[in-house]
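The values are calculated or read from the model by the stated rules, or taken from the named source; none is laboratory data. Here the structure is a predicted model, which is why all the values come from computation and not from measurement. We place every Cβ from the backbone using ideal geometry, glycine too, and count neighbours over all the protein chains shown. Accessible surface is based on the protein model in full, side chains and every heavy atom, while ligands, DNA and RNA are left aside. Shrake-Rupley method; radii C 1.70, N 1.55, O 1.52, S 1.80 Å.
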Amino acid sequence: MSNIALGRYIPLDSLIHKLDPRMKIIAMFFLLIAVFVPAGYPGYGVLGVFIVSVLLIAKLRLNFIFRAMKPMAFMLVFLLMINVLVLRTGYVLFSFYGFTVYSDAIYQTLYITFRLALMIMITTALTATTKPLDLTLAIEDLLGPLKRFGVPAHEIAMMISIALRFIPTLIEETQRIMKAQASRGVDLKEGKFKEKIMAILSLIVPLFVSSFQRAEDLADAMEARGYVPSATRTRYKQLKRTLKDYIMLFVVLLLLGGLITLAFVV
Amino acid sequence: MPIAFEKVSYTYAPGTPFSYAALKEVDLAIEMGKITAIIGPTGSGKSTLVQHLNALLQPSDGQVLVLDRIITHADKPKQLKSLRKNVGLVFQFPEYQLFEETVLKDVMFGPLNFGVSEEEAKKRAMETLTVVGIDPSIAEKSPLDLSGGQKRRIAIAGILAIDPKVLVLDEPTAGLDPQGSKSMMQLFTQLNRQYEKTVLIVTHDMEHVLNYCDNVVVMQDGKCVTHQTVKEFFNDGKLLHELNIKVPNVLRFKESLAKGGMSLPEGISDLQTLAKAIAGRIKP
């Protein structure tokens with residue numbers, strides 16, 4: 001489980017780590033918009049250089065980024081195949097056995113690859129440098145103004161933080177039940193199809209039962225301590241915006257503006 | 001000796017910052033046909049040790065000998081399944097592993113996995129349910145509707161139905177009331193005496209060690225500190241003190257009596273014999 005890179009927080013001490021999570025989320029939002037500005041390859045080049053330097057400032061190692069991108073490799077192969085079969089524009093690159101591959105198929109795939117890679121790098125720059133709990137605090141703050149329209153900002157943030165809190169617990173529980181069932185002769189790797197279904201069932205049912213149990217216990221514990229979602233409460237951890245945050249946001253906006261100019265004016 | 005650890009080491013998450021050596025060159029031989037208690041503080045490697053017995057964990061270094069099979073780190077998991085038929089491992093809070101619709105089906109699940117026929121599995125399930133003290137009339141109920149103690153007995157029946165030669169239990173009485181844990185321990189004694197199972201119990205309860213076990217293994221900091229008979233163990237006051245072990249009430253009471261000048265014969269370990277011995281002294 002420890003080899004999952006996508007969305008994982010990496011505790012380091014860097015300028016990016018110290019930025020205000022709210023500002024980071026806003027910046028990520030603008031950067032994601034920037035990915036969709038049709039500025040062509042030069043635009044992606046600029047954006048790419050920017051993101052890579054952000055990741056380097058955050059002291060993240062680049063092979064961590066590559067690992068985060070691994071899950072999309074399969075999707076890209078699939079995409080390439082579809083594109084090669086469907087796209088019949090551009091000039092002929094090569095043909096074999098009477099089957100021709102056109103240049104646009106490759107270009108389109110590369111285009112989407114860049115886009116996806118940039119998006120993953122942008123989100124990784126956020127999630128790898130921000131503690132999950134800080135993220136939820138920031139989400140709560142950012143959703144705050146929407147409370148007026150009935151958006152349960154605090155409840156959403158609480159749900160996210162509880163979910164995050166229980167991920168390691170559930171992983172541990174899963175491993176425990178797997179071992180217990182292995183002792184009863186369950187074999188998750190070998191066996192016929194029907195046996196495998198049984199094996200998965202023997203894992204999922206106990207996991208569900210104990211999750212519901214846990215949820216109920218937690219709800220009781222929270223109620224016993226008088227938890228009221230709508231109550232006004234102070235926070236132990238105060239988020240603070242500093243000059244650095246504004247500079248960061250300014251740079252991001254400048255980049256976005258530049259890309260838009262590049263796309264529509266030049 | 002059919003169960004033996006030879007210089008067994010086990011490291012969790014090797015090669016990462018979270019790397020943790022849970023067992024350090026453990027040498028240990030378990031006597032067959034006896035009840036052996038495995039005790040030691042939390043984090044001393046007890047659970048890691050017992051998970052080697054049915055090859056849920058394979059030693060990082062050294063080898064484990066279980067019933068004429070040698071397990072090293074090089075063994076393929078596929079070859080190890082047959083071992084689990086001979087060594088039944090009951091985890092802590094085993095009631096969380098129940099998942100079938102009925103009690104009977106759940107108990108049958110283990111034997112069926114090991115290739116026992118449907119009929120035979122059913123027969124075994126009914127038998128083991130009786131052995132663990134579950135009324136066969138609830139065999140068709142959902143295991144999730146039963147009480148905690150009943151669930152635990154059913155989970156143990158689920159392992160017993162596989163008919164292992166060796167039964168390993170990780171803190172089987174945790175969370176049970178005194179009456180429940182007493183009858184649970186009596187069940188294990190019965191399994192040992194009547195069905196000739198070799199039983200290993202991980203426990204924190206010294207009263208249980210004294211009253212129900214033959215041998216005792218003390219783990220500390222990933223090492224096996226001592227391994228001897230329960231009788232010798234509780235007579236070695238210096239060692240008990242060194243290991244910071246809470247002496248069972250009966251023995252402490254006897255000790256206090258001895259300090260006060262009433263020395264009783266050696267080998268008294270249960271309350272009734274002690275009471276009789278004292279009564280014998282008091283009466284003229």
Residue list for the stretch B:85-94, restricted to those being buried (at least 23 other Cβ atoms within 10 Å of the Cβ) and either more than 9 Å from chain A (Cβ to nearest Cβ) or aromatic (F, W, Y) (or both): B:F91
Tabulated pairs, the stretch B:142-157, first open to solvent by less than 40 Å² (accessible area, probe 1.4 Å) and at pLDDT 90 or above, second among the polar types (S, T, N, Q) and part of a loop (DSSP other than H, G, I, E, B), C-beta under 7 angstrom, 6+ apart or interchain: B:S142/B:T102
Criterion: loosely packed, with under 15 Cβ neighbours inside 10 Å, assigned by TED's automatic domain parsing to the domain that holds B:E171 and modelled with pLDDT of 90 or more - qualifying residue of B:D68, B:D27: B:D27
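Taking the condition within 11 Å of chain A (Cβ to nearest Cβ), under 20 Å from B:L187 (Cα atoms) and in contact with a Leu (Cβ under 8 Å, 6 or more places away or on another chain), does B:K165 pass?
Numbers: within 11 Å of chain A (Cβ to nearest Cβ): no; under 20 Å from B:L187 (Cα atoms): yes; in contact with a Leu (Cβ under 8 Å, 6 or more places away or on another chain): yes.
Considered against the rule, which asks whether it is within 11 Å of chain A (Cβ to nearest Cβ), under 20 Å from B:L187 (Cα atoms) and in contact with a Leu (Cβ under 8 Å, 6 or more places away or on another chain), B:K165 comes out as no.
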Residues located in the stretch B:30-58, provided they are hydrophobic (A, V, I, L, M, F, W, C), surrounded by fewer than 22 Cβ atoms within 10 Å (Cβ to Cβ) and within 14 Å of another protein chain (Cβ to nearest Cβ): B:L56
Cβ pairs under 6 Å, 6+ apart, first in the stretch B:17-41 and assigned to a strand (DSSP E or B), second open to solvent by 60 Å² or more (accessible area, probe 1.4 Å): B:Y20/B:Y12; B:A22/B:Y12; B:K24/B:K223; B:E25/B:K7; B:A29/B:M1
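Could you check the stretch B:73-84 and list, in sequence order, the residues that are within 14 Å of chain A (Cβ to nearest Cβ) and either in a loop (DSSP other than H, G, I, E, B) or at pLDDT 90 or above (or both)? Break it down stepwise before answering.
Applying the first criterion (within 14 Å of chain A (Cβ to nearest Cβ)) to the stretch B:73-84 yields B:76-84.
B:K76, the sole residue that qualifies.
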Residues of the stretch B:172-196 classified as surrounded by fewer than 21 Cβ atoms within 10 Å (Cβ to Cβ) and either part of a loop (DSSP other than H, G, I, E, B) or among the basic types (K, R) (or both), total: 7
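Filter the stretch B:250-269 for residues that are open to solvent by 60 Å² or more (accessible area, probe 1.4 Å) and at pLDDT below 80 and give the result. Give the steps one after another, and end with the answer.
The first filter runs over the stretch B:250-269 and keeps only residues open to solvent by 60 Å² or more (accessible area, probe 1.4 Å), leaving B:252-253, B:255-256, B:259-261, B:263, B:265-266.
B:S263, B:P265, B:E266 - these are the residues of the stretch B:250-269 that are open to solvent by 60 Å² or more (accessible area, probe 1.4 Å) and at pLDDT below 80.
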Breaking point among (1) farther than 16 Å from B:L200 by Cβ; (2) within 14 Å of chain A (Cβ to nearest Cβ); (3) not in a loop (DSSP other than H, G, I, E, B), for B:I70: (2)
Criterion: within 12 Å of chain B (Cβ to nearest Cβ) and touching a residue at least 24 places away in the same chain (Cβ under 8 Å) - qualifying residue of A:I177, A:I160, A:I171: A:I177
Residue ID - nearest to B:L146 (Cα to Cα), chosen from residues in the stretch B:103-114 that are open to solvent by 20 Å² or more (accessible area, probe 1.4 Å) and either more than 9 Å from chain A (Cβ to nearest Cβ) or part of a loop (DSSP other than H, G, I, E, B) (or both): B:K105
